[in-house]
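The values are calculated or read from the model by the stated rules, or taken from the named source; none is laboratory data. Owing to the predicted nature of the structure, the values given are computational and were not obtained by experimental measurement. Positions of Cβ are backbone-derived with ideal geometry, glycine not excepted, and every protein chain shown enters the neighbour counts. Accessible surface is based on the protein model in full, side chains and every heavy atom, while ligands, DNA and RNA are left aside. Shrake-Rupley method; radii C 1.70, N 1.55, O 1.52, S 1.80 Å.
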Amino acid sequence: MQPLNLPPYETKIKTVDGKMKILDILRNKFVALTPEEWVRQHFVHYMVECKGYPSALIANEVAVSLNGMNRRCDTVVYRQQGLKPYIIIEYKASNVEITQKVFNQICRYNMVLEVEYLIVSNGLKHYCCKIDIEKGEYTFLNDIPPFGSI
């Protein structure tokens, strides 16, 4: 897999029935190792190990019902108080460009979850914006805020 613009970590990869799988520490199981999953696992480790987010407050593949259709947010970070969704993270494979279409996707999820931060990453480029739902405004940040500062 391609090196990413994220800190390396000791991955746990195994082959099952000829298919490579990587350990998802949040779901505590091995999942198919796709290019997008490679980004997800690195980003989750980055959030936990570098930004200080407790793994107990992060969930992968969170189901969301949007206009009667079932969708899945790649990752959701919850507030400690009340376990309300706080951050949505959307991943793309490293060869996929981050476009307005990607932001539109994560914004649709936010119509349901109403979080304060949206993050999009392809493992090479990461974008984080703070949402003011009441004003209907957003601000792009230079970095992802560490846990405890938001």
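Take 77, 96 and sort them by solvent-accessible surface of the protein heavy atoms, 1.4 Å probe, largest at the top. Can you show the working numbers first?
Numbers: 77 5, 96 55 Å².
In descending accessible area the options line up as 96, 77.
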*Once you treat every alpha carbon in the chain as an equal point and sum by Debye, what is log10 I(q)/I(0) at q = 0.09, 0.14, 0.21 Å⁻¹?*
-0.27, -0.67, -1.53
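Report Rg/Rh for the range 23-63, rounded to two decimals, where Rg is the Cα radius of gyration and Rh the Kirkwood radius.
Working: Rg = 10.0 Å, Rh = 10.6 Å.
Value, to two decimals: 0.94.
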_For residue 71, what accessible surface area do you get with a 1.4 Å probe? Give it in Å², rounded to 10._
90 Å²
*Name the residues of the range 87-119 whose amide N is less than 18 Å from a point 7 angstrom out from the Cα of residue 134 along the C-beta direction?*
114-117
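Quick one: ranking 43, 103, 147, 140 by accessible area, 1.4 Å probe, largest first, what do you get?
Per-residue accessible area, sorted high to low, gives 140, 147, 103, 43.
Can you give the FRET efficiency for residue 107 and residue 50, using 1/(1 + (r/R0)^6), R0 = 22 Å, r = Cβ-Cβ distance, to the nearest 0.05?
On the way: r = 26 Å, r/R0 = 1.18.
Rounded to the nearest 0.05, the efficiency is 0.25.
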*Based solely on its DSSP helices, what 222 nm [θ] is calculated for the chain when runs of n ≥ 4 H residues each add -39,500 (n - 2.57) and the sum is averaged over all residues, nearest 500 deg cm²/dmol?*
-5000 deg cm²/dmol
*asked:* I'd like the distance between the alpha-carbon centres of the range 8-35 and the range 56-129, rounded to an integer number of Å.
replied: 21 Å
*Candidate residues 24, 132: accessible-area rank, largest first, probe 1.4 Å*: 132, 24
*Whole-number D in µm² s⁻¹ for the range 97-150, Kirkwood Cα-pair radius fed into Stokes-Einstein, 25 °C, 0.890 mPa s*: 207 µm²/s
*Efficiency of FRET between residue 72 and residue 143 - r from beta-carbon atoms, R0 25 angstrom, step 0.05*: 0.40
*With DNA, RNA and ligands ignored, accessible area of residue 125 (1.4 Å probe; Å², nearest 10)*: 120 Å²
*Which number gives the lysine pairs in the chain that have C-alpha atoms under 22 Å apart and are eight or more places apart or on different chains?*
21
*Compute the long axis of helix 35-45 from its Cα atoms, compare it with the longest principal axis of the Cα atoms of the chain, and write down the angle in degrees, 0 to 90, nearest 10.*
70 degrees
